[in-house]
Amino acid sequence: MKIATGIIAMMLGLVALLQSCTVGTASHLIGDQASSDAGAAGVIAGFLIFVGGAFAFGLPSVSVFVFVAAGLLALTGAADFPDLQIWAVISVIFAGMAVVGWRSDRKKKKMAASAAGRAEEGA
């Protein structure tokens with residue numbers, strides 16, 4: 001689950017980053033300050049989704065917080081750039097996937113530790 005979360009989040013993070021960069025630049029060129037600011041928030045949210053995906057491989061507990069931060073940041077600009085609502089929902093879904101990966105990783109470590117303890121007792 002951690003590998004799937006990481007790969008998909010990194011790819012979609014790049015898509016969100018590029019989409020928001022395009023919207024922010026185009027809005028700035030036509031003089032729409034509100035959409036330009038929302039595009040900037042989207043760029044940062046896309047970058048955070050990418051970073052959360054990178055952390056999902058080794059530190060899924062950190063990636064949960066990064067995904068939640070990306071979702072909250074995306075919601076701040078959603079009034080002027082409606083696609084950010086979608087990215088916020090996707091980010092929260094990734095946070096849930098990272099929690100599942102984190103919990104399964106903890107279970108595997110507990111199982112390995114108890115198996116090692118039983119092996120020592122038997123020796």
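The values are calculated or read from the model by the stated rules, or taken from the named source; none is laboratory data. All of these numbers come straight from a predicted model, not from anything done at the bench. Positions of Cβ are backbone-derived with ideal geometry, glycine not excepted, and every protein chain shown enters the neighbour counts. When the accessible area is computed, the model is the full protein with side chains, heavy atoms only, and any ligands, DNA or RNA have been set aside. Shrake-Rupley method; radii C 1.70, N 1.55, O 1.52, S 1.80 Å.
Out of (1) open to solvent by 80 Å² or more (accessible area, probe 1.4 Å); (2) in contact with an Asp or Glu (Cβ under 7 Å, 6 or more places away or on another chain), what's the single condition that is false for Ser35?
(1)
Can you tell me which residues in region 78-119 are more than 14 Å from the chain's Cα centre (by Cα) and of a type in the set (Ser, Thr, Tyr)?
Ser104, Ser114
Can you spot a residue in region 72-89 that is loosely packed, with under 15 Cβ neighbours inside 10 Å and touching a residue at least 60 places away in the same chain (Cβ under 8 Å)?
Within region 72-89, not a single residue is loosely packed, with under 15 Cβ neighbours inside 10 Å and touching a residue at least 60 places away in the same chain (Cβ under 8 Å).
For region 103-123, name all the residues that are of a type in the set (Gly, Ala, Ser) and either in a helix (DSSP H, G or I) or surrounded by 10 or more Cβ atoms within 10 Å (Cβ to Cβ) (or both).
The answer is Ser104, Ala112, Ala113, Ser114, Ala115, Ala116, Gly117, Ala119, Gly122.
Yes/no per residue for (1) more than 22 Å from Lys107 (Cβ to Cβ); (2) at pLDDT 95 or above; (3) touching a helix residue (DSSP H, G or I) at 6+ places or on another chain (Cβ under 8 Å):
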position	(1), (2), (3)
Ile3	no, no, yes
Ser35	yes, no, yes
Leu48	yes, yes, yes
Phe55	no, no, yes
Val62	no, no, yes
Phe67	no, yes, yes
Gly77	yes, no, yes
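Can you tell me which residue among Ser27, Ser36 is without any contact (Cβ under 8 Å) to a residue 40 or more places away in the chain, assigned to a helix (DSSP H, G or I) and in contact with a His (Cβ under 7 Å, 6 or more places away or on another chain)?
Within the list Ser27, Ser36, the selection yields Ser36.
Quick test of your reading of the structure: Ala79 fulfils all but one of (1) of a type in the set (A, V, I, L, M); (2) in a loop (DSSP other than H, G, I, E, B); (3) touching a Leu at 6+ places or on another chain (Cβ under 7 Å). Name the failing condition by number.
Failing condition for Ala79: (3).
Could you run through region 48-67 and say how many residues are surrounded by fewer than 19 Cβ atoms within 10 Å (Cβ to Cβ) and assigned to a helix (DSSP H, G or I)?
Of the residues in that region, 6 qualify.
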